[in-house]
1. Restricting to DSSP loop positions (anything but H, G, I, E, B) with no more than 12 other Cβ atoms inside 10 Å of their own Cβ, which GluC sites (Glu not before Pro) remain in the chain?
2. Between Asp20 and Glu78, what length comes free when the chain is fully extended (0.36 nm per residue of separation minus the Cα-Cα distance, one decimal in nm)?
3. Which value, in Å to one decimal place, does the Kirkwood hydrodynamic radius take for the chain when every pair of different Cα atoms is included?
4. In deg cm²/dmol, rounded to 500, what helix-only [θ] at 222 nm does the chain give when every DSSP H run of at least 4 residues adds -39500 (n - 2.57) and the total is split over its residues?
5. How large is the dipole of the chain about the Cα centre if only Lys and Arg carry +1 and Asp and Glu carry -1, each at its Cβ, rounded to the nearest 20 debye?
6. Percent relative contact order of the chain, based on C-alpha pairs within less than 8 angstrom and at least six residues apart?
7. Mind checking the per residue accessible area of the chain for me, 1.4 Å probe, whole number of Å²?
8. Loop only by DSSP, 15 or fewer other Cβ within 10 Å of the Cβ. Give me the trypsin sites (Lys or Arg not before Pro) in the stretch 14-86 that pass, ordered by residue number.
Amino acid sequence: LGRALGAGDGTKRSRVETLDLSNNQGIEDRGAKVLAGALEHGAIGSLLLRSCHVQADGAAVLIKSIKKLTDSSLRPAEIRLDLSGN
């Protein structure tokens, strides 16, 4: 899912306003890193990963992707990331 949302040439990219994958314990850091690529390209407006066993490494990659996005021309009005319960 993360790879599919991150694909595209910038003009024909899919976008999901809210992606709630909460309580999927198998996501962990590995899944968070893949989703970070989609987040970085503006393909996800709100990403909810509550109780998904995302640790410090996965959270750091997600934060870096948000920073890159806010510094780019794709900068959205708002980005929401929920990592509560991890």
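1. Glu78
2. Length gained between Asp20 and Glu78: 19.2 nm.
3. Roughly 12.6 Å, rounded to one decimal.
4. Numbers: 3 runs with 33 residues, N = 86.
Helix contribution divided over all residues of the chain: -11500 deg cm²/dmol.
5. Details: 12 positive and 10 negative charges, 45 e Å.
It works out to roughly 220 debye.
6. Numbers: 157 pairs, mean separation 28.0, N = 86.
In percent, rounded to a whole number, it is 33.
7. Details: 5090 Å² over 86 residues.
Here the residues of the chain average 59 Å² of exposed surface.
8. Arg15, Arg50
The values are calculated or read from the model by the stated rules, or taken from the named source; none is laboratory data. On a predicted model such as this, the values are computed, not experimentally measured, just so you know. Using ideal geometry, Cβ is built from the backbone for each residue, glycine included, and neighbour counts are taken over all protein chains shown. Keep in mind that these areas ignore ligands, DNA and RNA; they rest on the heavy atoms of the full protein, side chains included. Shrake-Rupley method; radii C 1.70, N 1.55, O 1.52, S 1.80 Å.
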